[in-house]
Amino acid sequence: MIMLRPSLPMSEQSQGQNTDTFSDKSVAVASLTENLAPADGKASASDTVLSSLRIIPESLRNTPLGKVCLKPPDFKQTLYKVARSVVYLYCNTLFGVDAEGLENIPKEGGCLIASNHVSLFDPPLVSIAISFRQVHFVAKKELFMIPVLGRILAGCGCVWVDRSSKDGSSVNQAIDLLKNGRIVGIFPEGTRSKDGKLQRGKLGVSVMALKSGVPIVPACVFNTYEIGHNHGIPCGRRLSVRFGKPIPVALNERPDPKAMKEVCNQVMSSIAQLQALGPVSRS
C-alpha cells in the first residue's frame, strides 16, 4: 500500500526550504549591524538607517553612492556650507567683502573668535571670511524659539546660551565644542551696539576660554552697522573684518572672578585696537 503524506501549504514548504539560508543571512546582517553600532550601545534612528545603508555589495562600495553610504556627510556642516555660499554671493554682489589677518586663524584645533557686534550681518560676515573652517556661533536661546530662524541656526551648528543663567551651565555646549577642536564664535558685548561703539565685555568669553584652554582670536567687523539700523542697504560700501593675534589662555576649570575679568579686559582691548585701524584696505 502506498501511504500518502498530507501536503504542506506552499508557504510552509518555502519556509522549510529557506530556513537555513535565511538563518545564515540573519547572522551575517546581525554581525554587520553589531560592528556598525556605536561603542556606547546607544543608536539613534538616523544611526540605524545609516547602518542599513552601509550594508551594500562590495562591487558598489567604490561608486559615488557607495561612498556616501559608507561615509555620509555631516548634515549640519553641509547646510552651513550651503548657507555660507549663498550669503557670500549676496554680500559680494551688493557690497564686496575684504578680510585681513586670516593667518591668525588656526587650521585645526579649538579656537574662540571674539568680535564686536553691531549688526545681524556680523556672524555671516565672519563666516564667509573664515571660508576654510566652520564657525559655531553662540546665540541667545530666544532666537532658537523663532520657528524658521531657530531651525536654521540649529541646522548650521549654532549653540544657544541662556543669558539669565546664574551658574553659567548654559555655555557647556560651546565649551565641549572647543575641547573637541572646533571654532566657536562669540560676541563678548552680549548684544548689538545701538550706536556702533564698542561696549563693555561680559565674562562669558572668559569662561569659555578658561574652561577649554583654547586661544582667543579677537576680530572686528566694519561697515555692517548701517545694515538693519534703518539706514537701508549701503550698496557699494565694502564690508570687512580684521582678525588679530591669538590670545593664549591657560586651562582653568575653576576660574576665579579676577582671572575672568583679566581675560575679558584683554579681549576687549584687542578688539578696540583692531577697530582703531579702520576698515580693511584693498590696496
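No lab work stands behind these numbers, since they all come straight from the coordinates. The shown structure was predicted, so the numbers you read here are calculated from the model rather than taken from an experiment. Positions of Cβ are generated from backbone atoms using ideal geometry, with glycine treated the same way; all protein chains shown enter the neighbour counts.
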Q: Quick one: what are the phi-derived ³J(HN,Hα) couplings along the stretch 94-99, Karplus 6.51/-1.76/1.60 with θ = phi - 60°, whole Hz, x for glycine and proline?
A: 7, 10, x, 10, 10, 9
Q) How big is the stretch 75-276 by Rg and Dmax over its Cα atoms, in Å? A) 15.9, 48
Q) Considering amide H positions built from the backbone, and no H for Pro or chain starts, which residues 5 or more places from Ser240, or on another chain, come under 5 Å of its amide H? A) Asp98, Phe222
Q) In nm, to one decimal, how far is the modelled label at Lys258 from the one at Arg163, with both set 7 Å along Cα→Cβ? A) 3.0
Q: Tabulate in residue order the Karplus-calculated ³J(HN,Hα) for the stretch 255-272, using 6.51 cos²θ - 1.76 cosθ + 1.60 with θ = phi - 60°, rounded to whole Hz; enter x for Gly and Pro.
A: x, 8, x, 5, 5, 5, 5, 4, 5, 4, 5, 5, 5, 5, 5, 5, 5, 4
Q. For labels at Ser269 and Asn180 in the simple 7 Å Cα→Cβ model, what's the distance in nm?
A. 3.5
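Order 112-118, 192-198 from most to least packed using the mean count of other Cβ atoms within 10 Å.
Highest mean packing first, the order is 112-118, 192-198.
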Q. Is the shape of the stretch 123-203 best called rounded, prolate or oblate, per the rule: a/c under 1.5 gives rounded, else a/b larger than b/c gives prolate, else oblate, with a ≥ b ≥ c the square roots of the Cα gyration tensor eigenvalues?
A. rounded
Q) Which chymotrypsin sites (Phe, Trp or Tyr not before Pro) from the stretch 99-147 combine a DSSP loop assignment with at most 14 other Cβ atoms within 10 Å? A) Phe132
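With N residues in the stretch 82-167, what two-decimal value do you get for its Cα radius of gyration over 2.2 N^0.38 Å? Numbers along the way, then the final one.
On the way: Rg = 14.0 Å, N = 86, 2.2 N^0.38 = 12.0 Å.
Normalised by 2.2 N^0.38 Å, the Cα Rg of the stretch 82-167 equals 1.17.
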Q | Label point distance in nm, Tyr90-Leu149, each placed 7 Å from Cα along Cα→Cβ | A | 1.3
Q: Give Lys107/Lys197; Lys107/Lys211; Lys81/Lys197 a once-over and call out the pairs whose C-alpha atoms are over 29 Å from each other.
A: Lys107/Lys197; Lys81/Lys197
Q) Counting other Cβ atoms within 10 Å, which trypsin sites (Lys or Arg not before Pro) in the stretch 76-166 have at most 11 and lie in a DSSP loop? A) Lys107, Lys166
